Amino acid sequence: MAWFDEAVFYHIYPLGLVKAPKKNEYTTPVARIKQLIPWVDHLVAIGCNALYIGPLFQSVGHGYETTDYKLLDSRLGTNEDLVDFVKYCHEKKVHVIFDGVFNHVGRDFFAFQDVKKKRENSVYKDWFCHINFQEDNSYHDGFCYENWGGYDLLVKLNQRNPEVIDYICFIIQYWVDTFDVDGIRLDTADVLDFDFMKALRQKANTVKPDFYLMGEVIHGEYNRWSNPEHLHAVTNYALHKALYSGHNEHNYFEIAHTVKRLYEMGHNDPLGIRLYNFVDNHDVSRIASKLTNPAHLIPVHILLYTLPGVPSIYYGSEWAIEGKKTKGSDWNLRPCLNLKERKDIALTQVIATLGHVRQTTPALSYGAYQEVLLTNRQYAFYRGNVLVMVNNDEAPTHFDLAIENGIYTGVLSGQVIEVKDGHVSIDLPACGGEIWLPDHQETFEPIDYQMDMPKQKEISLPKEVRHVPYEQMSVAELQACILQKMAKNGPVTEQMKQSVLENVYPDSLLNWVKSFR
């Protein structure tokens with residue numbers, strides 16, 4: 001098996017994290033990438049062993065309008081700085097994959113500049129798609145071309161041109177030879193030419209053992225891309241959507257149906273389709289901004305780490321930071337963070353435990369998936385001989401399951417159970433879950449995420465909240481409304497109350513209070 005089958009990824013968008021200027025003036029390089037060295041230590045501490053970082057190379061603005069594939073973006077430093085950074089990652093036993101933006105380039109790319117200068121006489125005119133010297137573009141170059149996403153800033157490469165294929169294959173070899181990179185995440189893989197991807201895979205098979213090609217694919221039949229001829233893996237946007245909406249709607253059927261469909265597509269083999277699982281990234285709103293109930297962050301991440309596919313954490317989301325995608329801008333999703341100012345919370349500790357379990361439990365990478373219980377609010381399944389349970393209800397629940405005899409340890413609660421008659425009866429907390437390891441598995445020092453939840457200042461709950469629109473209420477008033485609505489649906493436990501009081505985000509509380517019927 002390859003290293004990437006047992007990977008736990010951490011995802012960094014470097015230009016945002018180090019607060020690089022949004023526009024590249026191509027001035028003297030500034031070694032901001034050195035600021036990321038402590039983040040390598042951090043990602044290891046929370047149980048990650050692989051890093052997806054990018055975009056990295058010389059560009060005009062956000063990084064996806066590449067100017068030079070052979071130079072680290074000067075806002076991040078020099079090539080030597082990147083060499084040192086990857087070397088440090090490898091010393092920490094962290095594999096590194098770069099963002100490969102090979103569908104399009106920026107207008108400052110050397111070949112496009114040659115076309116601008118020499119027009120029809122440029123030897124590079126066929127490097128780009130559908131150049132027409134009889135029309136114009138938004139930059140008034142006196143010719144037009146196919147772009148990506150409607151943006152003339154992003155000039156689409158002609159991936160059927162053998163010279164382009166050879167050039168990108170050369171770049172892959174250059175990245176391996178120069179930076180010792182372990183793989184590439186292909187940007188916009190769902191619009192790449194399949195023969196082009198086949199050529200990249202052939203190159204990847206020669207540059208380094210287990211060199212990893214993972215593609216950004218949003219919609220479609222994932223096995224078209226993830227197969228022996230094209231890419232090793234694809235981004236699992238189907239599960240991404242199911243994980244947050246399945247919790248917001250209290251609908252585990254949506255998640256289980258998505259998993260079953262993908263599993264069957266891979267011929268019921270955990271590696272039949274290699275999937276890169278995530279709950280957020282640099283292109284979509286943060287998971288903490290998408291969930292109606294913040295307490296669901298726990299079961300969401302339990303599923304992220306245990307369902308077929310490799311898990312990925314987007315920098316900052318281990319602290320449940322919020323960030324919403326806005327029209328015309330993704331910068332809210334790509335903030336500068338100060339690692340020294342981050343304070344670990346229960347979610348951080350749970351993620352660290354999940355990372356350790358994932359890395360030391362082969363069944364979570366290779367074990368067969370078998371659903372054993374499914375309701376709207378409860379879900380249980382096996383990965384090999386490891387039993388996973390989750391509960392999205394705002395009240396504790398009870399599981400009765402047939403299970404093989406033996407002694408099992410719950411890695412999150414520390415609970416140990418002995419099964420003698422092939423049956424187990426287990427209580428799970430509200431918005432919680434557990435991973436049960438059989439007795440021959442490694443034991444852990446688990447984190448009790450109920451006990452470790454940070455204590456919040458109590459608020460007095462008025463008998464009646466003033467009758468004003470929710471949008472005009474304070475945080476305390478929104479919290480009080482939510483608790484009152486919960487009380488109408490049944491008893492409010494201390495854990496339920498704690499989940500409400502810990503949420504101090506107005507937008508999240510607003511969505512939560514409006515979710516009650």
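The values are calculated or read from the model by the stated rules, or taken from the named source; none is laboratory data. Please read all numbers here as calculations on a predicted model, not as lab measurements. All Cβ positions, glycine included, derive from the backbone under ideal geometry; neighbour counts span all protein chains shown. For accessibility, only protein heavy atoms count, side chains too; no ligands or nucleic acids. Shrake-Rupley method; radii C 1.70, N 1.55, O 1.52, S 1.80 Å.
Provide a single number: the residues in region 277-309 that are outside any helix (DSSP H, G or I), in contact with a Phe, Trp or Tyr (Cβ under 8 Å, 6 or more places away or on another chain) and either of a type in the set (Lys, Arg) or open to solvent by 10 Å² or more (accessible area, probe 1.4 Å) (or both). Walk me through it before giving the result.
Step one: filter region 277-309 for residues outside any helix (DSSP H, G or I), giving 277-286, 291-293, 307-309.
Those left that are additionally in contact with a Phe, Trp or Tyr (Cβ under 8 Å, 6 or more places away or on another chain): 278-282, 286, 291-293, 307-309.
Next, from what is left, pick out any that are either of a type in the set (Lys, Arg) or open to solvent by 10 Å² or more (accessible area, probe 1.4 Å) (or both): 281, 286, 292, 308-309.
Total meeting the criteria: 5.
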For region 72-90, name all the residues that are free of Cβ contacts under 8 Å to residues at least 60 places away in the same chain, within 15 Å of residue 53 (Cα to Cα) and open to solvent by 10 Å² or more (accessible area, probe 1.4 Å).
81, 84, 88
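Using the structure shown, decide if residue 34 is open to solvent by 10 Å² or more (accessible area, probe 1.4 Å) and assigned to a loop (DSSP other than H, G, I, E, B).
Numbers: open to solvent by 10 Å² or more (accessible area, probe 1.4 Å): yes; assigned to a loop (DSSP other than H, G, I, E, B): no.
No; evaluated as a whole, the condition is false for this residue.
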Among the residues of region 310-328, write down those that are free of Cβ contacts under 8 Å to residues at least 12 places away in the same chain and either touching a helix residue (DSSP H, G or I) at 6+ places or on another chain (Cβ under 7 Å) or crowded, with 23+ Cβ neighbours inside 10 Å (or both).
326
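Go over the candidates 174, 145, 124, 167 one by one and state the one that is at pLDDT 95 or above and farther than 27 Å from residue 202 by Cβ. Reasoning before the result, please.
Values: 174 fails: farther than 27 Å from residue 202 by Cβ; 124 fails: farther than 27 Å from residue 202 by Cβ; 167 fails: farther than 27 Å from residue 202 by Cβ.
Going through 174, 145, 124, 167 in turn, the sole match is 145.
Name every residue in region 298-325 that is acidic (Asp, Glu) and under 14 Å from the mean Cα position of the chain (by Cα), in order of residue number.
If the condition is that a residue be acidic (Asp, Glu) and under 14 Å from the mean Cα position of the chain (by Cα), then 318 is the only one that fits.
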Looking only at region 180-209, count every residue that is touching an Asp or Glu at 6+ places or on another chain (Cβ under 8 Å), open to solvent by 30 Å² or more (accessible area, probe 1.4 Å) and over 16 Å from residue 169 (Cβ atoms) and tell me the total.
1
Looking at region 479-495, I want the residues that are assigned to a helix (DSSP H, G or I) and have a partner that is modelled with pLDDT of 80 or more and open to solvent by less than 50 Å² (accessible area, probe 1.4 Å) with Cβ atoms under 7 Å, at least 6 apart or on another chain. Which pairs are those?
486/394; 495/429; 495/430
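Select, from 359, 441, the only residue that is over 30 Å from residue 249 (Cα atoms), out of contact with any strand residue (DSSP E or B) (no Cβ under 6 Å at 6 or more places or on another chain), at pLDDT below 95 and open to solvent by 10 Å² or more (accessible area, probe 1.4 Å). Break it down stepwise before answering.
On the way: 359 fails: at pLDDT below 95.
On inspection, the qualifying residue turns out to be 441.
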Kindly establish whether residue 401 is in contact (Cβ under 8 Å) with a residue 24 or more places away in the chain, surrounded by 18 or more Cβ atoms within 10 Å (Cβ to Cβ) and of a type outside the set (D, E, K, R).
no
If you go through region 131-179, how many residues are over 23 Å from residue 82 (Cβ atoms), open to solvent by 40 Å² or more (accessible area, probe 1.4 Å) and assigned to a helix (DSSP H, G or I)?
3
Within the bounds of region 273-293, is there any residue that is more than 14 Å from the chain's Cα centre (by Cα), under 18 Å from residue 388 (Cα atoms) and modelled with pLDDT of 95 or more?
no
When residues of region 364-396 are filtered for being farther than 21 Å from residue 257 by Cβ, open to solvent by 20 Å² or more (accessible area, probe 1.4 Å) and either among the β-branched types (Val, Ile, Thr) or more than 30 Å from the chain's Cα centre (by Cα) (or both), how many remain?
0
Being open to solvent by 10 Å² or more (accessible area, probe 1.4 Å), part of a helix (DSSP H, G or I) and touching a helix residue (DSSP H, G or I) at 6+ places or on another chain (Cβ under 7 Å) is the filter here; which residues of region 1-31 pass it?
6
Kindly provide the set of residues from region 364-380 that are touching a residue at least 40 places away in the same chain (Cβ under 8 Å) and not hydroxyl-bearing (Ser, Thr, Tyr), ordered by number.
364, 367, 368, 371, 374, 376, 377, 378
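Which residue, of 93, 118, is open to solvent by 20 Å² or more (accessible area, probe 1.4 Å) and either touching a residue at least 24 places away in the same chain (Cβ under 8 Å) or touching a Leu at 6+ places or on another chain (Cβ under 8 Å) (or both)? Give the steps one after another, and end with the answer.
On the way: 118 fails: either touching a residue at least 24 places away in the same chain (Cβ under 8 Å) or touching a Leu at 6+ places or on another chain (Cβ under 8 Å) (or both).
None of the other options fit; the residue is 93.
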Run down 358, 383, 342 and say which single residue is in contact with a Gly (Cβ under 6 Å, 6 or more places away or on another chain), at negative phi and among the basic types (Lys, Arg).
383
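Which of the residues belonging to region 250-276 are among the aromatic types (Phe, Trp, Tyr) and open to solvent by 20 Å² or more (accessible area, probe 1.4 Å)?
In the first step, residues of region 250-276 are kept if they are among the aromatic types (Phe, Trp, Tyr); the result is 252-253, 263, 276.
Of everything in region 250-276, those that are among the aromatic types (Phe, Trp, Tyr) and open to solvent by 20 Å² or more (accessible area, probe 1.4 Å) turn out to be 253, 263.
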